[in-house]
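Chemist: Just passing along the structure, written as structure tokens.
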Amino acid sequence: MIPTRQQCLFLFDRYSLPSQKRIHVEAVARLALFLAGKLKTQSASRRTNPKIDEQLLEAATLLHDIDKNIPRREGERHPDTAVRVLKELGYDEIAGIIARHSLHCILDPKITPESWEAKILFLADKMTKYEVIGVDRRFKLWYRENLPPAAVAELKACYPLVKTLEQELFTAAGITVFDIEQEFANNH
């Protein structure tokens with residue numbers, strides 16, 4: 001079962017998603033759907049067919065941070081709480097995609113993003129703060145935070161893998177970082 005956009009917005013209210021997170025997830029959704037569209041257009045010209053479920057992708061992008069104000073159970077961290085709640089609501093497929101969107105997931109072959117929807121959500125999230133800013137700027141912002149040494153080490157380990165995923169998706173979509181900057185500077 002995949003919730004509609006309207007059902008996702010209802011869940012924002014039900015789970016008290018903060019306004020700044022609403023801005024973030026909406027921006028992630030816009031970028032993700034743009035990337036999905038480019039992947040489909042590029043693949044059509046190459047006569048390949050990436051199977052991207054845009055309704056599933058949109059719902060996953062809108063709900064990927066739904067757990068920000070939901071009490072965590074012992075041992076849970078983001079996005080474990082969101083995954084649990086979404087499964088309780090019957091949104092197992094979305095929960096599976098969201099389970100692979102956190103930065104640390106790219107370090108673990110068991111939970112690294114694999115489907116097109118999971119890869120797109122992962123990358124779009126890492127390219128977005130409250131607007132699309134790109135992977136490099138997003139990592140610079142993280143480095144400016146007062147992070148413990150273990151978190152800084154994780155950032156350093158993740159960065160080249162995120163850049164590899166960025167290159168994979170951009171090559172498949174036939175776009176560059178400049179194309180993204182132009183699209184989102186002018187139209188969003």
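None of the figures in this text is laboratory data; all of them are computed from the coordinates on show. Worth saying up front: this structure is predicted, and the values here are computed from it rather than measured. Glycine also receives a Cβ, built like all others from the backbone with ideal geometry; neighbour counts cover every protein chain displayed.
Chemist: Could you check which residue among P113, P79, P148 shows the biggest mean-square fluctuation in a GNM of the chain with a 10 Å Cα cutoff?
Modeler: Looking only at P113, P79, P148, the biggest GNM fluctuation is shown by P148.
Chemist: For K140, K21, what's the fewest-to-most ordering of other Cβ within 10 Å of each Cβ?
Modeler: Values: K140 11, K21 18.
Ranked by crowding around the Cβ, least crowded first: K140, K21.
Chemist: Multiply the residue gap between H78 and R5 by 0.36 nm, knock off their C-alpha separation, and tell me the result in nm, one decimal place.
Modeler: Values: separation 73, 0.36 × 73 = 26.28 nm, distance 2.22 nm.
Taking H78 through R5 to full extension adds about 24.1 nm, to one decimal.
Chemist: Here's something else I'd like to know. Given region 53-127, report the % of alpha carbon pairs whose separation exceeds 20 Å.
Modeler: Numbers: 628 of 2775 pairs.
For region 53-127, the fraction of Cα-Cα distances above 20 Å is 23 percent.
Chemist: Roughly how compact is the chain, stated as its Cα Rg over 2.2 N^0.38 Å to two decimals? Can you show the working numbers first?
Modeler: On the way: Rg = 16.0 Å, N = 188, 2.2 N^0.38 = 16.1 Å.
The value comes to 0.99.
Chemist: Using the Cα centre as the reference, give the magnitude of the dipole from point charges on the C-beta atoms of the chain (Lys, Arg: +1; Asp, Glu: -1; all else neutral), rounded to the nearest 20 debye.
Modeler: Charge dipole of the chain: 200 debye, to the nearest 20.
Chemist: For S19 and T176, compute 0.36 nm times the residue count separating them, minus their Cα-Cα distance, and round to one decimal in nm.
Modeler: Here the segment from S19 to T176 would lengthen by 53.5 nm.
Chemist: Can you name the helices of the chain, as whole DSSP H runs, whose Cα span along the helix axis is 27 Å or more and whose Kyte-Doolittle mean is not below -0.5? Walk me through the numbers on the way to the answer.
Modeler: Working: long enough: 19-46 (41 Å, -0.09); 149-173 (36 Å, 0.48).
Going by DSSP H runs, the hits are 19-46, 149-173.
Chemist: Further, regarding this structure: Mean residue ellipticity at 222 nm from the helices of the chain, using -39,500 (n - 2.57) per DSSP H segment of n ≥ 4 over the full residue count, to the nearest 500 deg cm²/dmol? Walk me through the numbers on the way to the answer.
Modeler: On the way: 9 runs with 121 residues, N = 188.
One gets -20500 deg cm²/dmol as the mean residue ellipticity at 222 nm.
Chemist: Roughly what percent of Cα-Cα pairs across region 5-112 reach past 18 Å? Numbers along the way, then the final one.
Modeler: Working: 3021 of 5778 pairs.
That fraction is 52 percent.
Chemist: Continuing with the same structure: Cα to Cα, under 25 Å, and not fewer than 8 places away if on the same chain: which lysines meet these conditions relative to K40?
Modeler: Partners found: K51, K119, K126, K163.
Chemist: Relative contact order of region 5-187, please, whole-number percent, based on alpha carbon pairs below 8 angstrom and at least 6 residues apart. Write out the running numbers ahead of the final one.
Modeler: On the way: 206 pairs, mean separation 44.8, N = 183.
Reported relative contact order: 24 percent.
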